[in-house]
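J.: Here's a structure for you.
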Amino acid sequence: MNTSLATPRVGVAATTLVSFSTFSQSSDYNLTRGVTAISQEVYDLHMLIFYICCAIALIVFGIMFYSIFRHRKSKGAVAANFHESTKVEVIWTVIPIIILVAMAIPATKTLVAMEDTSKSDLTIKITGSQWKWHYAYFGEEVEFFSLLATSQKQIDGLEQKGAHYLLEVDNPLVVPIDKKIRFLMTSDDVIHSWWVPDFAVKKDTIPGFINEAWTKIDEPGVYRGQCAELCGKAHGFMPIVVHAMEQDDYQQWLTGKKQEIAQAKAQAAKALDVTLSIDDLMPVGEQIYAARCAVCHQANGQGIPGAFPAIAGSAVATTGDINAHISKIVDGVSGTAMQSFANQLTDKEIAAVVTYQRNAWGNDTGDVVQASDINAYKTDTHKTQSDKHSTAGE
Ligand code: HEC
Ligand SMILES: [Cu+2]
């Protein structure tokens, strides 16, 4: 700071100016510069238009306050009385038009660049659903769900909140740097919005629609974002985490992920031959329930009246027909928030969570459901459906 400034008041003004320019460097209050060429462009555009607005405000209010002060009544000022001055009207129409056009030209250029998804190196489909993201890499057979990883204890205030509270996930999206990545975005239920400020990407994901966006990241790093469209109860609990890596690291990750997926498939197949005891299934089921079901049906199984049914004491989870219970999880209930978990959980996981629901919170049915039961249910219903199709065709 310049110490030669005469009065403290000027000092304050100067400090404000200094912090104003550092403010544009990096600030919690300003837009981020981000880590892509587009985000830099968006940032520059934002600052340019902000400064134009400041200049306009300064000129307009300057003239206004000067005029009020200079031509005040106590000085004996008499108001001029004129109507329909064509000259003035032309001036106050033409000047704003020039300013607007001058702002629209760079803004349009940036917007057009943001929409241009051509010549991409890699395509990733992003699907939002209540309340998680699903990523599918085109041509790679790699796809996975990405869920909030913050523990319920932190959310409930029973544990110290971590550095990335509500901004951490189990499976981050992993992408290479310096490659043009095209995103195809859609939703399975309501409208969500995939937003990562560092990329200047914020796009609605709409059921039945596919929106496009793209990014090309300059620096390796971990970038975080959130769903930016109010999408229901756990809207604030579906963060986005992107790991941007050098090409080699990315390839290595991709190979590892493919192995992981293949292993999981092999394990799921093996699980069909295994008969587990209730003591084996309950802890697994409890964990899955906490991670995947409690957000709606609540940890105590009581649900939320009017929105999510209670599982504790529910007829579906306590009486005879276990397939009716399995159906809720495998098929979902169409038109409601109860989605199909057939592709989100393995047969063993579904078996565990069904067993858990049938024996927790005083549901004590003693029923034990095995992975093979889930598999049998899937095969049966599939067969019935194709039977129906063939009958309909006759
Ligand atoms: C996004 C919210 C949501 C999530 C997450 C969710 N459910 Fe549901 N679930 C519902 C809703 C809503 C219904 C009621 C559907 C209807 O109208 O029949 C329901 C119904 C059910 C029922 C039938 C209850 C009854 O008595 O009718 C069962 C069983 C069930 N869910 C199990 C699960 C399991 C297991 C999970 C986790 C793997 C889960 N749900 C996750 C919203 C959810
Ligand atoms: Cu959302």
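The values are calculated or read from the model by the stated rules, or taken from the named source; none is laboratory data. From a predicted model like this one, the values you see are computed outputs, not experimental measurements. Glycine also receives a Cβ, built like all others from the backbone with ideal geometry; neighbour counts cover every protein chain displayed.
J.: Scan segment 157-172 and give yes if some residue there is away from ligand 2 (no atom under 16 Å from the Cβ), closer than 21 Å to V42 by Cβ and touching a Ser or Thr at 6+ places or on another chain (Cβ under 9 Å), otherwise no.
T.: No, segment 157-172 contains no residue that is away from ligand 2 (no atom under 16 Å from the Cβ), closer than 21 Å to V42 by Cβ and touching a Ser or Thr at 6+ places or on another chain (Cβ under 9 Å).
J.: Of the residues that make up segment 198-214, is at least one part of a loop (DSSP other than H, G, I, E, B), farther than 22 Å from S120 by Cα, within 16 Å of ligand 1 (Cβ to nearest atom) and out of contact with any Cys (no Cβ under 8 Å at 6 or more places or on another chain)?
T.: Within segment 198-214, none of the residues are part of a loop (DSSP other than H, G, I, E, B), farther than 22 Å from S120 by Cα, within 16 Å of ligand 1 (Cβ to nearest atom) and out of contact with any Cys (no Cβ under 8 Å at 6 or more places or on another chain).
J.: Taking segment 215-230, which residues are among the hydrophobic types (A, V, I, L, M, F, W, C), part of a strand (DSSP E or B) and either away from ligand 1 (no atom under 16 Å from the Cβ) or surrounded by fewer than 15 Cβ atoms within 10 Å (Cβ to Cβ) (or both)?
T.: Within segment 215-230, I217, V222 meet the criteria.
J.: Hey, another quick one. What do you reckon, is E41 surrounded by 10 or more Cβ atoms within 10 Å (Cβ to Cβ), part of a helix (DSSP H, G or I), under 24 Å from the mean Cα position of the chain (by Cα) and charged (D, E, K, R)?
T.: When the stated conditions are applied, E41 passes them.
J.: Let me ask something else. Which condition number in (1) in contact (Cβ under 8 Å) with a residue 40 or more places away in the chain; (2) in a helix (DSSP H, G or I); (3) not acidic (D, E) is the one that A104 fails?
T.: For A104, the failing item is (1).
J.: I need a count of the residues in segment 101-133 that are under 16 Å from Q226 (Cβ atoms) and out of contact with any helix residue (DSSP H, G or I) (no Cβ under 7 Å at 6 or more places or on another chain).
T.: So the count comes out to 6.
J.: List every residue pair whose Cβ atoms sit under 8 Å apart, with the two residues 6 or more apart in sequence or on different chains, where the first one lies in segment 279-299 and is under 16 Å from I311 (Cα atoms) and assigned to a helix (DSSP H, G or I) and the second, anywhere, is more than 9 Å from ligand 1 (Cβ to nearest atom) and at pLDDT below 90.
T.: A290/Q152; A294/Q152
J.: Would you tally the residues in segment 231-245 being within 16 Å of ligand 1 (Cβ to nearest atom) and either out of contact with any strand residue (DSSP E or B) (no Cβ under 9 Å at 6 or more places or on another chain) or farther than 24 Å from M338 by Cβ (or both)?
T.: Qualifying residue count for the region: 1.
J.: Looking at the structure I just gave you, is A299 on the phi < 0 side of the Ramachandran plot and either exposed (fewer than 12 other Cβ atoms within 10 Å of the Cβ) or away from ligand 1 (no atom under 16 Å from the Cβ) (or both)?
T.: no
J.: Follow-up question, since we're still on this one. Just the residues that are at pLDDT below 90 and either at positive phi or hydrophobic (A, V, I, L, M, F, W, C) (or both), please, taken from segment 367-394.
T.: Within segment 367-394, just A392 meets the criteria.
J.: Which numbered condition trips up S334, out of (1) touching a strand residue (DSSP E or B) at 6+ places or on another chain (Cβ under 9 Å); (2) at pLDDT below 90?
T.: Against the list (1) touching a strand residue (DSSP E or B) at 6+ places or on another chain (Cβ under 9 Å); (2) at pLDDT below 90, S334 comes up short only on (1).
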